[in-house]
Amino acid sequence: MHRHIAFDLGAEGVAAALAKMLGAPAVLSRFSRLLIDPNRGLDDPTLIMQIADGLVVPGNVGLSAEDIAGRLDRFYRPYHAAIDRAVEAGIAAGKPPVILSVHSFTQAWKGVPRPWSAAVLWDKDPRLPLPLLKGLHTIPGAKIGDNVPYSGQLKGDTLYRHATLRGLAHALVEVRQDLILAEEGQAEWGAHLARVLNDVLRAAPGLHTIEHHGSNTGACCGKDHDYG
């Protein structure tokens, strides 16, 4: 429970600091992704991991359909319902929201160092990712990645179901974990992101409009499309 397999180390502190600085709502999960991963689609085989980074997860072996349904009802669906409420409140107020998902990644994987300080993951809608990447490159000494060390093209993930399908501008930011393990680092990166996002939100056109750009994962989207 103290390893990256259980949760994204430091991400909560960065997201909370960012939300406070922007005066924006943040939805945070209160459960480990070892229980069920809220950033996976319902048909994703890694929704409930039996093996994580080479470690067998005993509590996930041999689960019944009833066990899985219970986790969906108690944890997964309430998390996504909370996001739905926040998004719909913005749309109802006449200002479709911009959605930013905050994650963190390990500084090395299988012995190979990861050089990026942070990265932007995205799919097909360029409205937020491109100016966000440009802005993050202004952080002194930071090396910024584009769709590394993971890809933002994941059908059924949080941004797919809440932003891509709705036509909302969105992006996922990953920060390297060794930079945000302490509160000071979390506050520092929250401030970096807040500065960049403030500039982007003021300057980038069309961020608060509904535009369906589709997905590189396959055909979608539209207000009548339901996922899960």
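Residue 155 falls short on exactly one of the conditions (1) closer than 22 Å to residue 13 by Cβ; (2) at pLDDT below 95, and that condition is (1).
Working carefully through the options 27, 14, find the one that is in a loop (DSSP other than H, G, I, E, B), surrounded by 13 or more Cβ atoms within 10 Å (Cβ to Cβ), under 15 Å from the mean Cα position of the chain (by Cα) and not aromatic (Phe, Trp, Tyr). I'd like the intermediate steps shown before the answer.
Numbers: 14 fails: in a loop (DSSP other than H, G, I, E, B).
Being in a loop (DSSP other than H, G, I, E, B), surrounded by 13 or more Cβ atoms within 10 Å (Cβ to Cβ), under 15 Å from the mean Cα position of the chain (by Cα) and not aromatic (Phe, Trp, Tyr) holds for just one of 27, 14, which is 27.
From the set of residues in the stretch 40-63 that are open to solvent by 50 Å² or more (accessible area, probe 1.4 Å) and among the acidic types (Asp, Glu), which is nearest to the chain's Cα centre (by Cα)? Looking at residues that are open to solvent by 50 Å² or more (accessible area, probe 1.4 Å) and among the acidic types (Asp, Glu), I get 43. Kindly indicate whether any position in the stretch 72-88 is free of Cβ contacts under 8 Å to residues at least 24 places away in the same chain, more than 23 Å from the chain's Cα centre (by Cα) and more than 30 Å from residue 22 (Cβ to Cβ). No: the stretch 72-88 contains no residue that is free of Cβ contacts under 8 Å to residues at least 24 places away in the same chain, more than 23 Å from the chain's Cα centre (by Cα) and more than 30 Å from residue 22 (Cβ to Cβ).
Count of the stretch 207-223 residues, restricted to those that are modelled with pLDDT under 95 and crowded, with 17+ Cβ neighbours inside 10 Å, is 3. Return the residues of the stretch 123-160 that are closer than 21 Å to residue 84 by Cβ and acidic (Asp, Glu); say none if nothing qualifies. Result: 123, 125, 157.
The values are calculated or read from the model by the stated rules, or taken from the named source; none is laboratory data. Only a predicted model underlies this, so the values are computations on that prediction, with no experimental measurement involved. With ideal geometry, Cβ positions are generated from the backbone for all residues, glycine too; neighbour counts draw on all protein chains shown. We work out accessible area using only protein heavy atoms, side chains counted, and drop any ligands, DNA or RNA first. Shrake-Rupley method; radii C 1.70, N 1.55, O 1.52, S 1.80 Å.
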